[in-house]
1. Go through segment 1-108 and tell me which strands (runs of 3 or more DSSP E), entirely inside it, have 3 or more residues that are touching a His at 6+ places or on another chain (Cβ under 9 Å) and modelled with pLDDT of 95 or more.
2. Test of understanding: among GLU55, GLU66, GLU50, which residue is crowded, with 17+ Cβ neighbours inside 10 Å and of a type in the set (D, E, K, R)?
3. Which of the residues spanning segment 111-128 are more than 24 Å from HIS144 (Cα to Cα) and crowded, with 23+ Cβ neighbours inside 10 Å?
4. Would you mention how many residues in segment 311-329 are within 12 Å of ligand 1 (Cβ to nearest atom) and open to solvent by 30 Å² or more (accessible area, probe 1.4 Å)?
5. Given the options VAL271, VAL263, VAL332, name the one that is assigned to a strand (DSSP E or B), among the hydrophobic types (A, V, I, L, M, F, W, C) and away from ligand 1 (no atom under 16 Å from the Cβ).
6. Quick check on segment 291-310: of everything there that is within 16 Å of ligand 1 (Cβ to nearest atom) and more than 12 Å from the chain's Cα centre (by Cα), which residue is surrounded by the most Cβ atoms within 10 Å (Cβ to Cβ)?
7. Among the residues of segment 84-93, is there at least one that is among the hydrophobic types (A, V, I, L, M, F, W, C), within 16 Å of ligand 2 (Cβ to nearest atom), open to solvent by less than 70 Å² (accessible area, probe 1.4 Å) and closer than 20 Å to PHE326 by Cβ?
8. Looking at (1) within 22 Å of the chain's Cα centre (by Cα); (2) buried (at least 22 other Cβ atoms within 10 Å of the Cβ); (3) more than 16 Å from ligand 2 (Cβ to nearest atom); (4) assigned to a helix (DSSP H, G or I), find the lone condition where ILE243 falls short.
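The values are calculated or read from the model by the stated rules, or taken from the named source; none is laboratory data. Predicted, not measured: the structure shown is a model, and the values here were computed from it. Here Cβ is always computed from backbone atoms with ideal geometry, including for glycine, and neighbour counts include all displayed protein chains. Please note that ligands, DNA and RNA were not included when accessible areas were found on the heavy atoms of the full protein model with its side chains. Shrake-Rupley method; radii C 1.70, N 1.55, O 1.52, S 1.80 Å.
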Amino acid sequence: MSQNKDNICLLAIESSCDDTGAAVIINGKMHSNVVATQHIHQKYGGVVPELASREHLQNIIPVVDEALKLANITLQDLSAVAYAQGPGLMGSLMVGSSYARALSSALNVPSIGVDHLKAHVMAHFIDDPKPQFPFICLLVSGGHTQIILVKAYDNMEVLGKTHDDAAGEAFDKTAKMMGLPYPGGPLIDKYAQLGNPEAFTFSYAKMPGFDYSFSGFKTAVLYFLKSNIEKEPNFLALEMNNICASVQRHIVTSLLKNLKKAVQATGVNQVALAGGVSANSELRSAFTNMGLQNQWETFIPAFEYCTDNAAMIAVAAHFAFLSNNFTQLDEVPYARHSF
Ligand code: KG4
Ligand code: ZN
(Lines give C-alpha, C1' and ligand atoms only; values in the text may rest on other atoms or scores of the structure.)
(Ligands and ions follow the chains in the order given, each with its own letter.)
Protein backbone atom coordinates (compact mmCIF):
# COMPACT_ATOMS: atom_id res chain seq x y z
CA MET A 1 0.00 0.00 0.00
CA SER A 2 1.52 3.32 -1.06
CA GLN A 3 0.32 6.53 0.62
CA ASN A 4 0.49 10.24 -0.10
CA LYS A 5 3.77 11.49 1.45
CA ASP A 6 3.10 15.23 1.03
CA ASN A 7 1.02 15.65 4.15
CA ILE A 8 1.69 12.96 6.75
CA CYS A 9 -0.40 13.37 9.89
CA LEU A 10 0.10 10.63 12.48
CA LEU A 11 -1.47 9.81 15.83
CA ALA A 12 0.73 7.59 18.01
CA ILE A 13 -0.19 5.69 21.15
CA GLU A 14 2.20 4.40 23.82
CA SER A 15 0.89 1.97 26.44
CA SER A 16 3.67 -0.55 26.97
CA CYS A 17 4.05 -0.20 30.74
CA ASP A 18 2.49 2.24 33.21
CA ASP A 19 2.20 5.48 31.24
CA THR A 20 -0.60 6.17 28.74
CA GLY A 21 0.68 8.46 25.99
CA ALA A 22 -0.68 9.96 22.78
CA ALA A 23 1.13 12.26 20.35
CA VAL A 24 0.44 13.91 17.01
CA ILE A 25 3.21 14.48 14.49
CA ILE A 26 2.60 16.30 11.21
CA ASN A 27 5.22 15.99 8.46
CA GLY A 28 7.78 14.92 11.06
CA LYS A 29 7.11 17.85 13.40
CA MET A 30 5.68 17.29 16.88
CA HIS A 31 2.32 19.02 17.48
CA SER A 32 1.29 17.41 20.76
CA ASN A 33 2.63 14.91 23.27
CA VAL A 34 0.36 13.95 26.19
CA VAL A 35 1.25 11.49 28.97
CA ALA A 36 -0.96 10.28 31.83
CA THR A 37 1.30 8.80 34.50
CA GLN A 38 -0.20 6.08 36.68
CA HIS A 39 0.45 6.76 40.36
CA ILE A 40 -1.47 3.75 41.66
CA HIS A 41 1.64 1.52 41.52
CA GLN A 42 3.62 3.55 44.07
CA LYS A 43 1.91 1.95 47.04
CA TYR A 44 2.81 -1.54 45.75
CA GLY A 45 6.52 -0.78 45.23
CA GLY A 46 6.42 -1.66 41.52
CA VAL A 47 4.13 -1.85 38.49
CA VAL A 48 1.13 -4.19 38.99
CA PRO A 49 0.31 -5.41 35.43
CA GLU A 50 -3.43 -5.90 35.93
CA LEU A 51 -3.86 -2.44 37.45
CA ALA A 52 -1.78 -0.92 34.64
CA SER A 53 -4.12 -2.39 31.97
CA ARG A 54 -7.19 -1.06 33.77
CA GLU A 55 -5.69 2.43 34.08
CA HIS A 56 -4.80 2.41 30.36
CA LEU A 57 -8.44 1.57 29.59
CA GLN A 58 -9.59 4.57 31.61
CA ASN A 59 -6.95 6.97 30.28
CA ILE A 60 -6.68 6.18 26.61
CA ILE A 61 -9.73 8.05 25.26
CA PRO A 62 -9.16 11.31 27.22
CA VAL A 63 -5.41 11.22 26.42
CA VAL A 64 -6.04 10.78 22.68
CA ASP A 65 -8.73 13.51 22.73
CA GLU A 66 -6.30 15.89 24.43
CA ALA A 67 -3.52 15.11 21.92
CA LEU A 68 -5.86 15.78 18.96
CA LYS A 69 -7.16 18.97 20.56
CA LEU A 70 -3.69 20.35 21.31
CA ALA A 71 -2.60 19.59 17.74
CA ASN A 72 -5.76 21.29 16.47
CA ILE A 73 -6.78 18.36 14.26
CA THR A 74 -9.64 15.86 14.04
CA LEU A 75 -9.58 12.10 13.46
CA GLN A 76 -10.42 12.72 9.78
CA ASP A 77 -7.04 14.46 9.30
CA LEU A 78 -5.05 11.33 10.20
CA SER A 79 -2.93 9.51 7.59
CA ALA A 80 -2.24 6.55 9.89
CA VAL A 81 -2.45 5.43 13.53
CA ALA A 82 0.73 4.18 15.23
CA TYR A 83 1.12 2.25 18.47
CA ALA A 84 3.75 0.56 20.63
CA GLN A 85 3.62 -3.09 19.59
CA GLY A 86 6.14 -4.42 22.15
CA PRO A 87 8.09 -5.29 24.19
CA GLY A 88 6.19 -4.53 27.38
CA LEU A 89 3.37 -5.76 29.58
CA MET A 90 0.98 -7.80 27.43
CA GLY A 91 -2.22 -6.44 28.99
CA SER A 92 -1.02 -2.85 28.65
CA LEU A 93 0.10 -3.37 25.04
CA MET A 94 -3.26 -4.97 24.21
CA VAL A 95 -5.15 -1.82 25.25
CA GLY A 96 -3.09 0.57 23.08
CA SER A 97 -2.74 -1.75 20.11
CA SER A 98 -6.42 -2.76 20.06
CA TYR A 99 -7.50 0.87 20.29
CA ALA A 100 -5.07 1.96 17.55
CA ARG A 101 -5.95 -0.88 15.18
CA ALA A 102 -9.71 -0.38 15.68
CA LEU A 103 -9.31 3.33 15.01
CA SER A 104 -7.23 2.83 11.87
CA SER A 105 -9.78 0.29 10.60
CA ALA A 106 -12.70 2.66 11.27
CA LEU A 107 -10.89 5.55 9.55
CA ASN A 108 -9.69 3.32 6.72
CA VAL A 109 -6.05 4.40 7.18
CA PRO A 110 -3.02 2.15 7.80
CA SER A 111 -1.78 1.20 11.26
CA ILE A 112 1.91 1.18 12.20
CA GLY A 113 3.14 -1.07 15.03
CA VAL A 114 6.36 0.34 16.49
CA ASP A 115 8.99 -1.43 18.61
CA HIS A 116 9.16 0.39 21.95
CA LEU A 117 12.96 0.05 22.23
CA LYS A 118 13.63 1.24 18.71
CA ALA A 119 11.30 4.16 19.47
CA HIS A 120 13.43 5.13 22.52
CA VAL A 121 16.42 5.31 20.15
CA MET A 122 14.42 7.25 17.54
CA ALA A 123 13.52 9.88 20.18
CA HIS A 124 16.67 11.62 18.89
CA PHE A 125 14.80 12.52 15.71
CA ILE A 126 12.08 14.54 17.46
CA ASP A 127 14.17 17.71 17.89
CA ASP A 128 17.45 19.12 16.59
CA PRO A 129 20.32 18.35 16.72
CA LYS A 130 19.71 14.92 15.20
CA PRO A 131 22.40 12.24 14.83
CA GLN A 132 23.24 10.76 11.43
CA PHE A 133 23.20 7.02 10.74
CA PRO A 134 25.19 5.09 11.83
CA PHE A 135 25.41 6.05 15.48
CA ILE A 136 25.86 4.20 18.76
CA CYS A 137 23.09 4.40 21.34
CA LEU A 138 23.23 3.38 24.99
CA LEU A 139 19.62 2.46 25.75
CA VAL A 140 19.02 2.37 29.49
CA SER A 141 15.46 1.88 30.74
CA GLY A 142 13.54 0.11 33.47
CA GLY A 143 13.49 -3.12 31.48
CA HIS A 144 16.49 -2.94 29.15
CA THR A 145 20.17 -2.04 29.02
CA GLN A 146 21.73 -2.29 25.60
CA ILE A 147 24.49 -0.80 23.49
CA ILE A 148 23.02 -0.54 19.99
CA LEU A 149 24.65 0.18 16.64
CA VAL A 150 21.92 2.14 14.86
CA LYS A 151 22.39 1.73 11.09
CA ALA A 152 18.91 2.91 10.04
CA TYR A 153 15.49 3.46 11.63
CA ASP A 154 14.71 -0.22 11.04
CA ASN A 155 18.22 -1.69 11.21
CA MET A 156 19.69 -1.82 14.70
CA GLU A 157 22.32 -4.25 15.95
CA VAL A 158 22.64 -5.00 19.67
CA LEU A 159 26.37 -4.99 20.52
CA GLY A 160 26.02 -5.54 24.26
CA LYS A 161 23.23 -6.16 26.75
CA THR A 162 22.54 -7.02 30.36
CA HIS A 163 22.45 -10.68 31.36
CA ASP A 164 20.10 -9.99 34.27
CA ASP A 165 18.84 -6.69 35.71
CA ALA A 166 18.51 -3.54 33.64
CA ALA A 167 20.17 -0.32 34.82
CA GLY A 168 16.75 1.07 35.80
CA GLU A 169 16.07 -2.06 37.86
CA ALA A 170 19.46 -1.67 39.56
CA PHE A 171 18.36 1.84 40.59
CA ASP A 172 14.79 0.88 41.54
CA LYS A 173 15.66 -2.32 43.44
CA THR A 174 18.49 -0.80 45.48
CA ALA A 175 16.19 2.16 46.23
CA LYS A 176 13.55 -0.27 47.46
CA MET A 177 16.13 -1.87 49.79
CA MET A 178 16.63 1.62 51.26
CA GLY A 179 12.89 1.99 51.82
CA LEU A 180 12.37 4.47 48.96
CA PRO A 181 9.11 4.35 46.95
CA TYR A 182 8.85 3.16 43.32
CA PRO A 183 10.33 4.26 40.98
CA GLY A 184 13.46 4.85 43.06
CA GLY A 185 15.77 5.98 40.23
CA PRO A 186 14.80 9.67 40.33
CA LEU A 187 15.02 9.67 44.17
CA ILE A 188 18.50 8.16 44.18
CA ASP A 189 19.44 10.88 41.69
CA LYS A 190 18.03 13.53 44.04
CA TYR A 191 19.70 12.30 47.26
CA ALA A 192 22.97 11.56 45.44
CA GLN A 193 23.42 15.28 44.73
CA LEU A 194 24.09 15.81 48.46
CA GLY A 195 26.30 12.75 48.98
CA ASN A 196 29.87 11.59 48.46
CA PRO A 197 30.02 9.14 45.51
CA GLU A 198 33.24 7.65 46.85
CA ALA A 199 31.91 6.97 50.36
CA PHE A 200 31.26 3.29 49.60
CA THR A 201 32.53 1.08 46.80
CA PHE A 202 31.14 -2.08 45.22
CA SER A 203 33.07 -4.42 42.93
CA TYR A 204 32.38 -4.34 39.21
CA ALA A 205 31.00 -7.35 37.30
CA LYS A 206 33.35 -8.92 34.77
CA MET A 207 31.34 -9.72 31.66
CA PRO A 208 32.24 -10.80 28.12
CA GLY A 209 32.37 -8.23 25.30
CA PHE A 210 30.19 -5.22 25.95
CA ASP A 211 27.70 -7.05 28.17
CA TYR A 212 26.44 -6.00 31.59
CA SER A 213 25.34 -7.65 34.82
CA PHE A 214 23.84 -5.90 37.84
CA SER A 215 22.57 -8.83 39.91
CA GLY A 216 25.86 -9.25 41.86
CA PHE A 217 25.88 -5.54 42.62
CA LYS A 218 22.28 -5.73 43.85
CA THR A 219 23.17 -8.59 46.23
CA ALA A 220 26.28 -6.70 47.39
CA VAL A 221 24.15 -3.65 48.27
CA LEU A 222 21.68 -5.86 50.15
CA TYR A 223 24.40 -7.42 52.34
CA PHE A 224 26.18 -4.09 52.74
CA LEU A 225 22.97 -2.52 54.10
CA LYS A 226 22.14 -5.52 56.28
CA SER A 227 25.53 -5.67 57.99
CA ASN A 228 25.73 -1.92 58.55
CA ILE A 229 22.17 -1.69 59.92
CA GLU A 230 23.02 -4.51 62.35
CA LYS A 231 25.94 -2.42 63.64
CA GLU A 232 24.11 0.93 63.58
CA PRO A 233 20.28 0.85 63.40
CA ASN A 234 20.24 4.47 62.13
CA PHE A 235 22.69 3.71 59.33
CA LEU A 236 20.18 4.40 56.54
CA ALA A 237 19.05 7.72 57.94
CA LEU A 238 22.62 8.81 58.66
CA GLU A 239 24.13 7.74 55.35
CA MET A 240 21.26 7.95 52.83
CA ASN A 241 22.89 10.63 50.65
CA ASN A 242 26.27 8.87 50.60
CA ILE A 243 24.73 5.47 49.80
CA CYS A 244 22.66 6.97 46.96
CA ALA A 245 25.71 8.79 45.55
CA SER A 246 27.83 5.60 45.73
CA VAL A 247 25.12 3.42 44.15
CA GLN A 248 24.64 5.95 41.36
CA ARG A 249 28.40 6.23 40.78
CA HIS A 250 28.66 2.43 40.48
CA ILE A 251 25.83 2.16 37.92
CA VAL A 252 26.99 5.15 35.85
CA THR A 253 30.63 3.99 35.79
CA SER A 254 29.58 0.45 34.75
CA LEU A 255 27.40 1.81 31.94
CA LEU A 256 30.01 4.17 30.51
CA LYS A 257 32.96 1.75 30.73
CA ASN A 258 31.41 -0.61 28.18
CA LEU A 259 30.03 2.19 26.07
CA LYS A 260 33.56 3.58 25.65
CA LYS A 261 34.86 0.13 24.64
CA ALA A 262 32.07 -0.26 22.07
CA VAL A 263 32.67 3.17 20.56
CA GLN A 264 36.42 2.44 20.28
CA ALA A 265 35.79 -0.97 18.72
CA THR A 266 33.37 0.31 16.07
CA GLY A 267 35.02 3.65 15.34
CA VAL A 268 31.55 5.23 15.17
CA ASN A 269 31.88 8.48 17.08
CA GLN A 270 28.34 9.83 17.11
CA VAL A 271 27.05 8.54 20.43
CA ALA A 272 23.62 8.86 22.02
CA LEU A 273 21.82 8.07 25.28
CA ALA A 274 18.20 6.93 25.42
CA GLY A 275 15.59 5.50 27.81
CA GLY A 276 14.35 6.49 31.25
CA VAL A 277 17.73 6.22 33.00
CA SER A 278 19.18 8.81 30.59
CA ALA A 279 17.25 11.32 32.73
CA ASN A 280 19.86 10.64 35.44
CA SER A 281 21.90 13.78 36.11
CA GLU A 282 25.24 12.04 36.77
CA LEU A 283 24.88 9.83 33.69
CA ARG A 284 24.12 12.89 31.54
CA SER A 285 27.11 14.88 32.81
CA ALA A 286 29.58 11.95 32.87
CA PHE A 287 28.49 10.97 29.33
CA THR A 288 28.93 14.54 28.09
CA ASN A 289 32.41 14.74 29.67
CA MET A 290 33.41 11.38 28.21
CA GLY A 291 32.30 12.68 24.81
CA LEU A 292 34.38 15.83 25.16
CA GLN A 293 37.48 13.88 26.24
CA ASN A 294 37.19 11.41 23.37
CA GLN A 295 36.02 13.75 20.59
CA TRP A 296 32.62 12.11 20.30
CA GLU A 297 29.59 13.99 19.06
CA THR A 298 27.09 13.31 21.84
CA PHE A 299 23.27 13.37 21.84
CA ILE A 300 21.01 13.32 24.90
CA PRO A 301 17.22 13.51 24.57
CA ALA A 302 15.25 16.26 26.34
CA PHE A 303 13.90 15.03 29.71
CA GLU A 304 10.35 14.51 28.42
CA TYR A 305 11.63 12.17 25.68
CA CYS A 306 13.80 10.01 28.02
CA THR A 307 11.02 8.25 29.91
CA ASP A 308 8.13 6.56 28.11
CA ASN A 309 6.25 8.89 25.77
CA ALA A 310 4.21 8.69 22.57
CA ALA A 311 6.30 11.29 20.71
CA MET A 312 9.05 8.71 20.21
CA ILE A 313 6.50 6.21 18.84
CA ALA A 314 5.22 8.93 16.49
CA VAL A 315 8.64 9.85 15.11
CA ALA A 316 9.57 6.19 14.54
CA ALA A 317 6.21 5.74 12.79
CA HIS A 318 6.94 8.74 10.55
CA PHE A 319 10.07 6.95 9.24
CA ALA A 320 8.03 3.77 8.76
CA PHE A 321 5.34 5.70 6.87
CA LEU A 322 7.94 7.17 4.50
CA SER A 323 9.06 3.58 3.71
CA ASN A 324 5.48 2.24 3.35
CA ASN A 325 6.22 -0.01 6.28
CA PHE A 326 2.71 -0.64 7.61
CA THR A 327 1.41 -3.29 9.99
CA GLN A 328 -1.40 -5.72 9.20
CA LEU A 329 -4.45 -5.39 11.41
CA ASP A 330 -4.16 -9.00 12.57
CA GLU A 331 -0.59 -8.57 13.91
CA VAL A 332 -0.56 -9.04 17.68
CA PRO A 333 1.60 -7.27 20.29
CA TYR A 334 4.69 -9.03 21.67
CA ALA A 335 5.81 -8.99 25.31
CA ARG A 336 9.48 -9.75 24.66
CA HIS A 337 12.32 -8.19 22.80
CA SER A 338 12.16 -8.44 19.01
CA PHE A 339 15.58 -7.48 17.65
O1 KG4 B 1 12.19 4.15 29.72
P2 KG4 B 1 11.38 4.13 30.96
O3 KG4 B 1 10.48 5.32 31.23
O4 KG4 B 1 10.47 2.90 31.04
C5 KG4 B 1 10.85 1.65 30.53
O6 KG4 B 1 10.72 1.44 29.30
O7 KG4 B 1 11.35 0.86 31.36
O8 KG4 B 1 12.42 3.96 32.17
C9 KG4 B 1 11.99 3.91 33.50
C10 KG4 B 1 13.22 3.76 34.38
C11 KG4 B 1 12.90 3.46 35.84
O12 KG4 B 1 13.70 2.37 36.26
C13 KG4 B 1 13.30 4.75 36.56
O14 KG4 B 1 13.73 4.56 37.89
C15 KG4 B 1 14.44 5.22 35.69
O16 KG4 B 1 14.01 4.98 34.36
N17 KG4 B 1 14.73 6.65 35.88
C18 KG4 B 1 15.86 7.10 36.48
C19 KG4 B 1 15.75 8.51 36.51
N20 KG4 B 1 14.56 8.86 35.92
C21 KG4 B 1 13.96 7.70 35.54
N22 KG4 B 1 16.92 6.44 36.97
C23 KG4 B 1 17.90 7.18 37.52
N24 KG4 B 1 17.88 8.53 37.60
C25 KG4 B 1 16.83 9.23 37.11
N26 KG4 B 1 16.81 10.57 37.19
ZN1 ZN C 1 10.61 2.63 27.83
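1. On the way: elements: 9-14, 19-26, 29-37, 80-86.
Answer list for segment 1-108: 9-14, 19-26, 80-86.
2. Only one candidate passes the filter, namely GLU55.
3. Passing the criteria: only SER111.
4. Total meeting the criteria: 0.
5. After applying the criteria, what remains is VAL271.
6. The first filter runs over segment 291-310 and keeps only residues within 16 Å of ligand 1 (Cβ to nearest atom), leaving 300-310.
Pick out the ones that are also more than 12 Å from the chain's Cα centre (by Cα) and you get 300, 302.
Working: ILE300: 20, ALA302: 11.
Taking the candidates together, the pick is ILE300.
7. yes
8. With respect to (1) within 22 Å of the chain's Cα centre (by Cα); (2) buried (at least 22 other Cβ atoms within 10 Å of the Cβ); (3) more than 16 Å from ligand 2 (Cβ to nearest atom); (4) assigned to a helix (DSSP H, G or I), ILE243 is out only on (1).
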